[in-house]
1. Using θ = phi - 60° and the Karplus form 6.51 cos²θ - 1.76 cosθ + 1.60, what ³J(HN,Hα) does each residue of the stretch 214-224 get, whole Hz, x for Gly and Pro?
2. Taking all protein chains as present, what is the carbon and sulfur share of the accessible area of the chain, in % to the nearest whole number, probe 1.4 Å?
3. For the stretch 153-249, report the accessible area per residue in Å² (1.4 Å probe, heavy atoms, rounded to an integer).
4. Mind grabbing the accessible area of residue 1 for me, 1.4 Å probe, Å², rounded to tens?
5. To make sure I understand the rule: partners must be lysines, Cα under 16 Å from the Cα of residue 102, and not fewer than 8 residues away in the same chain. Which ones qualify?
6. Could you list which residues have their amide H under 5 Å from that of residue 34, counting only those 5 or more apart in sequence or on another chain, with H placed in the peptide plane?
7. Amide H of residue 149: which non-local residues (sequence gap of 5 or more, or other chain) have their own amide H closer than 5 Å, using H built in the peptide plane?
8. Which of the chymotrypsin sites (Phe, Trp or Tyr not before Pro) found in the stretch 59-154 are loop residues per DSSP with 15 or fewer other Cβ atoms within 10 Å of their Cβ?
Amino acid sequence: MYQIYALKYGERQTTTCNFFFRETSHEPLTLHFFVWLILGGPHPVLVDTGFTEQDAAQRGIANFVSPAAMVERLGVKADEVPVALISHLHWDHWAGHSLFPKAEFWIQQEEIAFWTGPVARYDAYKTFASPPSLAALVRMNYANRVRAVQGECPVLPGLRVHWLGGHTAGLQIVTVETAKGPVVLTSDAAHFYRNVERYQPSQLFTSLPQMLQGFDTIHALAGDRTRIVAGHDPEVADRFKVISPGVVQIA
Ligand SMILES: [Zn+2]
């Protein structure tokens with residue numbers, strides 16, 4: 001059985017109107033930034049890479065702690081992580097790839113195609129891209145460090161990735177069998193519980209229909225809403241067990 005940890009490595013203040021689709025209220029909203037670590041298998045599996053200190057400074061992220069340091073708090077050396085499942089290629093999930101120099105990165109083929117293809121250059125998308133990290137993706141592909149996957153794909157027994165799309169063209173989520181049943185790491189398929197529980201989309205998407213249907217898929221895979229882990233929601237720390245600052249034990 002696997003254990004899962006959500007590791008918070010930074011935060012940013014915004015407002016609800018800047019975040020939820022067709023929301024007009026200016027209520028403050030706090031985003032937490034996480035990577036997730038799955039232990040208990042033959043080797044550790046990381047979900048997403050976060051970003052570097054330089055990205056944090058450039059993008060105004062508060063309380064930054066390197067995702068590598070967060071992983072090391074659980075006794076795993078960052079340069080020994082062999083597999084990282086990348087939910088999508090937005091800067092806050094991918095720009096930290098260099099922190100995990102031995103990892104093979106599992107990414108949906110559609111996601112790679114989108115961010116190296118003709119559409120990503122438009123302002124509506126490129127704000128969320130880290131071009132140097134995407135250039136590095138191409139180089140790492142030639143170094144055999146990228147595993148392009150399609151649709152639903154097993155990683156280890158009881159651990160799978162599933163394509164959802166919606167937020168980005170090739171967004172994937174992760175399901176993990178645990179002692180409490182199947183846990184779903186949604187990443188940005190549900191930034192907040194409000195997205196997946198009230199079916200309120202975020203305003204950042206490549207396909208709104210896919211995002212809405214993705215909420216159905218998340219519920220179906222989790223079986224129970226207590227096993228859903230939202231991607232940027234400070235409430236993760238209230239719904240699960242905080243074992244040390246920034247370290248939340250999910251299962
Ligand atoms: Zn994100």
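The values are calculated or read from the model by the stated rules, or taken from the named source; none is laboratory data. Computed from a predicted structure; not experimentally measured. So basically every Cβ, Gly included, is an ideal-geometry build from the backbone, and we count neighbours across all protein chains shown. What goes into the accessible areas is simple: the full protein's heavy atoms, side chains included, and nothing from ligands, DNA or RNA. Shrake-Rupley method; radii C 1.70, N 1.55, O 1.52, S 1.80 Å.
1. x, 4, 4, 4, 4, 4, 5, 6, 7, x, 8
2. 52 percent
3. Numbers: 3610 Å² over 97 residues.
Heavy-atom SASA per residue in the stretch 153-249 reads 37 Å².
4. Estimated to the nearest 10 Å², residue 1 gives 140 Å².
5. 77
6. Amide H to amide H, under 5 Å and 5 or more residues apart or across chains, residue 34 pairs with 9.
7. 107, 108, 109
8. Working: sites: 64, 91, 94, 105, 106, 114, 115, 122, 125, 128, 142; in loops: 64, 122, 128.
The qualifying sites are 122.
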